[in-house]
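In what follows, a single structure is set out as structure tokens and then discussed.
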Amino acid sequence: MADHQRKIALITGGSGGIGAAISRSLACDGFDIWLNYRSNHEAAARVAEAVESVGRRCRLMSFDVTDPQSIAEHLTALLEEQTPYVLVNNAGFSKDALMVWMTQAEWKDVLSVSLDGFFLVTKPILNAMLRKREGRIVNIVSTSGQSGVPGQVNYSAAKAGLIGATKALALEVAKRNVLVNAVSPGFIRTEMTARLPEERILPTIPMGRFGTPEEVASVVSFLCSERAAYITGQIIGVNGGIYM
Ligand code: NDP
């Protein structure tokens, strides 16, 4: 296939549980993957192997989504040649504490990965998508940003902010055929939830179980497909019924 015909998806935080599943799923849908992660080179290399095993290319990009200089070093030259059709803003991080104990650093760091990360990565990709008059942006938010969760004032604020940004951007770019949506997972079995007290959480989930990264990835795949051509500005829950 010629380079200009290959469709590309950039996934941030692609070395983690949900990002890895999204990368594998989009590769199966025919996308070449630009896989961003911060530090876990081994996990990223395993995802690249999985992507290549279904016949797609995978470009590894290790940068911090809050670092504008590093983002520019990885993306500026590439974007002069190629434009991703899909951007999934998935990189995220939590640092839980009750507000009375939360430090300003814990507040700032969690907001920065979600919100500065969204702004800094989306801006150069969006400019390229607008020139092509096509694109799909999917932001991974959280039930925590919809309902609020005690111990997560920082994370709930970060994800609620990203929900607002999703809707505002969707309105700005709908006429240019760039669709912007959010997927909002509940409790999903990954590194992020590995140390949570499961026995206390399970009774609060109507479906009685944690979700899998693949169950989130399949919704992202749908939103990036032709079947979702009339969906924009939506927040789609994948949460086993814990928030309605
Ligand atoms: P993981 O902890 O498994 O993975 C997080 C990923 O984000 C890793 O690839 C990590 O890279 C990357 N990352 C973190 N900070 C940065 C940064 N500053 N720059 C670049 N990459 C970064 O998390 P999940 O897969 O569970 O979560 C993925 C997304 O889903 C997050 O946005 C999270 O908030 C959201 N989510 C998760 C839920 C869950 O139950 N698991 C529920 C609701 C939402 P590396 O490890 O290489 O440093």
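A few remarks follow.
- Of the residues examined, Val121 is not one that is open to solvent by 20 Å² or more (accessible area, probe 1.4 Å), among the aliphatic types (A, V, I, L, M), within 16 Å of the ligand (Cβ to nearest atom) and not in a strand (DSSP E or B).
- Of the residues making up the stretch 187-209, those that are in contact (Cβ under 8 Å) with a residue 24 or more places away in the chain and either away from the ligand (no atom under 13 Å from the Cβ) or not basic (Lys, Arg) (or both) are Phe187, Ile188, Thr190, Glu191, Met192, Thr204, Ile205, Pro206, Met207, Gly208.
- Hey, Leu126 of a type outside the set (Gly, Ala, Ser) and more than 14 Å from the ligand (Cβ to nearest atom) or not: yes
- The residue that is nearest to Ala160 (Cα to Cα), among those in the stretch 232-244 that are in a loop (DSSP other than H, G, I, E, B) and open to solvent by less than 40 Å² (accessible area, probe 1.4 Å), is Gly233.
- Test: residue in the stretch 143-164 that is under 26 Å from Arg227 (Cα atoms), open to solvent by 10 Å² or more (accessible area, probe 1.4 Å), in a loop (DSSP other than H, G, I, E, B) and not hydrophobic (A, V, I, L, M, F, W, C): yes
- Every condition in (1) within 16 Å of the ligand (Cβ to nearest atom); (2) over 18 Å from the mean Cα position of the chain (by Cα) is met by Arg56 except one, and the failing one is (1).
- When Val180 is tested against the conditions (1) within 12 Å of the ligand (Cβ to nearest atom); (2) crowded, with 19+ Cβ neighbours inside 10 Å; (3) not in a loop (DSSP other than H, G, I, E, B), the lone failure is (1).
- Residue count for the stretch 1-50, restricted to those that are farther than 22 Å from Thr212 by Cα and either within 10 Å of the ligand (Cβ to nearest atom) or aromatic (Phe, Trp, Tyr) (or both): 4
- Glu80 being within 14 Å of the ligand (Cβ to nearest atom), part of a helix (DSSP H, G or I) and either exposed (fewer than 15 other Cβ atoms within 10 Å of the Cβ) or modelled with pLDDT under 95 (or both): no
The values are calculated or read from the model by the stated rules, or taken from the named source; none is laboratory data. In this text, all values refer to a predicted model and were calculated from it rather than measured experimentally. Note that each Cβ is placed from the backbone with ideal geometry, even for glycine, and that neighbours are counted across all protein chains shown. Quick note on the areas: whole protein, heavy atoms, side chains included, nothing else; ligands and nucleic acids left out. Shrake-Rupley method; radii C 1.70, N 1.55, O 1.52, S 1.80 Å.
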